[in-house]
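A short worksheet on the structure shown next.
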Amino acid sequence: MVDLVKKVEQQQRCETDINEKNVEYPDENLPQNIIAFAADDSTFETQQVCLKMFCGTLAITDQIIRTAHSKLDSCGITSSDNRGKHLNHPKKIDDEMIRSVCDHVKSFQPVESHYTRKNTTEQISRLRASQSPLAISLSRCPQWSSLDTLQFKGYWDNEVNGILLNNGSTAYFTFESEVRPILRGGPLIGEYVFEQMHFHWSVDDFSGCEHLLDGQGYAAECHFVHYNSKYESMEAAVGHPDGLAVVGFLLEAVDAPNPRFDRLVEGFERIKKSEQSVRVTSESLSWMDSDDLQEGNYVTYKGSLTTPPYTECVTWIIYEKPVHIGTEQLGLLRQLEGPDSIPIERNVRPTQRHPPGHSVIYVKQVKSKL
Ligand SMILES: [Zn+2]
């Protein structure tokens, strides 16, 4: 039975049908916490794995394995008398039994373990995409802690200038230089190049964010948009499911101004009219605490742009801990005018439906030893 469950796990991982039904039985001579399984159906070599880790991978208890094993015995499919005696003579299990075990195992939510750790980023890259933004319940997300730390390189620790522009729908920051900051690590495979930063807000302090974590609304949300360095440009990357990575920060309105926003807010004051722009330094991006970036928890999922054409090309990374911004500082954002010379009241897309089978992962970052 244990062998069969292992096969099911392999089947889920490889997304291929189970054709081989040859399995081997646990060796009765093995210690209790070790199980044996046939790793390769062509050779029937037996490998030993830790039962606790194996069960942990599938979030099931060893009692369930034992119960299922005894049920198999009572069905007459296995013969307990022969266990351990015929390691080189695999038994046959019928299709119906395999299907029922598959269904049973799939009913458990996979959890992080020794077996899943190596494949976590690949798993995220294969997740089904949804439309964004989403209302996310943290307690219902699988929790992972084994991903690499997110690394932000060259965002504010350089002398390069940027441009802050009122593009008629948001405040939009880009670097002037060809040398761009790089994001890597976390759920991302490869490197993502910083393209632009922009804001979403609304008329009050609770409906200005696009994503909702546990139903909590905030005054604004800031997006750092990056494109995958394997594509030539932002425009080319948008056409691919792994094209963009957007880091989102929720902004919470508080009474006291946050001095870290001073540079940026000075810029807001000078781009009140649509199409106005101003030169600012990269210090304008330095309002995030680097410890929070490296150690803060975040959610990640495959989603879409939140503005037309809503392409599903974004790996979203939304930090859980909101960043404080003073009410007056926020007021300057709300004074930015659209092309009609009227302040932009709201540039937030409503939350979208989670499609069936869609996953959001809650990542608990582990403090880097570097
Ligand atoms: Zn955005």
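The values are calculated or read from the model by the stated rules, or taken from the named source; none is laboratory data. Keep in mind that what you see is a predicted model, and the values were worked out from it rather than measured. Note that each Cβ is placed from the backbone with ideal geometry, even for glycine, and that neighbours are counted across all protein chains shown.
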Quick one: would you say THR149 is within 15 Å of the ligand (Cβ to nearest atom), among the hydroxyl-bearing types (Ser, Thr, Tyr) and over 22 Å from PRO241 (Cβ atoms)? no
State yes or no: is ILE318 at pLDDT 95 or above, β-branched (Val, Ile, Thr), within 16 Å of the ligand (Cβ to nearest atom) and under 22 Å from the mean Cα position of the chain (by Cα)? yes
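Condition check ((1) within 15 Å of the ligand (Cβ to nearest atom); (2) acidic (Asp, Glu); (3) over 21 Å from the mean Cα position of the chain (by Cα); (4) more than 21 Å from PRO343 (Cβ to Cβ)) across all residues:
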site: GLN196; (1), (2), (3), (4): yes, no, no, yes
site: ASP205; (1), (2), (3), (4): no, yes, yes, no
site: CYS209; (1), (2), (3), (4): yes, no, no, no
site: HIS223; (1), (2), (3), (4): yes, no, no, no
site: ALA237; (1), (2), (3), (4): no, no, no, yes
site: LEU250; (1), (2), (3), (4): yes, no, no, yes
site: ARG263; (1), (2), (3), (4): no, no, yes, yes
Given (1) without any contact (Cβ under 8 Å) to a residue 40 or more places away in the chain; (2) β-branched (Val, Ile, Thr); (3) in contact with a helix residue (DSSP H, G or I) (Cβ under 7 Å, 6 or more places away or on another chain), number of the condition ILE342 does not satisfy: (3)
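Could you list all residues from region 289-304 that are among the hydrophobic types (A, V, I, L, M, F, W, C) and at pLDDT 95 or above?
Quick first cut of region 289-304, residues among the hydrophobic types (A, V, I, L, M, F, W, C) only: 293, 299.
Listed by number, the list holds a single entry, VAL299.
Could you tell me whether region 248-260 includes any residue that is out of contact with any Cys (no Cβ under 8 Å at 6 or more places or on another chain) and surrounded by 23 or more Cβ atoms within 10 Å (Cβ to Cβ)?
Filtering region 248-260 for residues out of contact with any Cys (no Cβ under 8 Å at 6 or more places or on another chain) gives 252-260.
Add one more test, that the residue is surrounded by 23 or more Cβ atoms within 10 Å (Cβ to Cβ), and what stays is none.
No, there is no match, as no residue in region 248-260 is out of contact with any Cys (no Cβ under 8 Å at 6 or more places or on another chain) and surrounded by 23 or more Cβ atoms within 10 Å (Cβ to Cβ).
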So, in region 285-310, exactly how many residues are hydroxyl-bearing (Ser, Thr, Tyr) and within 13 Å of the ligand (Cβ to nearest atom)? 4
Restricting region 127-166 to residues that are farther than 30 Å from VAL179 by Cα and of a type in the set (Lys, Arg), the one modelled with the lowest pLDDT turns out to be ARG128
Top-ranked residue in region 252-261 [being in a strand (DSSP E or B) and farther than 28 Å from PRO339 by Cβ; ranked as farthest from the ligand (Cβ to nearest atom)]: VAL254
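Can you confirm whether VAL323 is aliphatic (A, V, I, L, M) and in contact with a helix residue (DSSP H, G or I) (Cβ under 7 Å, 6 or more places away or on another chain)?
On the way: aliphatic (A, V, I, L, M): yes; in contact with a helix residue (DSSP H, G or I) (Cβ under 7 Å, 6 or more places away or on another chain): no.
So VAL323 does not fit the description; no.
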Test for VAL246: is it within 20 Å of LEU293 (Cβ to Cβ), part of a strand (DSSP E or B) and within 16 Å of the ligand (Cβ to nearest atom): yes
Give the residue that is surrounded by the fewest Cβ atoms within 10 Å (Cβ to Cβ), with candidates limited to residues of region 261-288 that are closer than 29 Å to GLU312 by Cα and at pLDDT 95 or above. GLU275
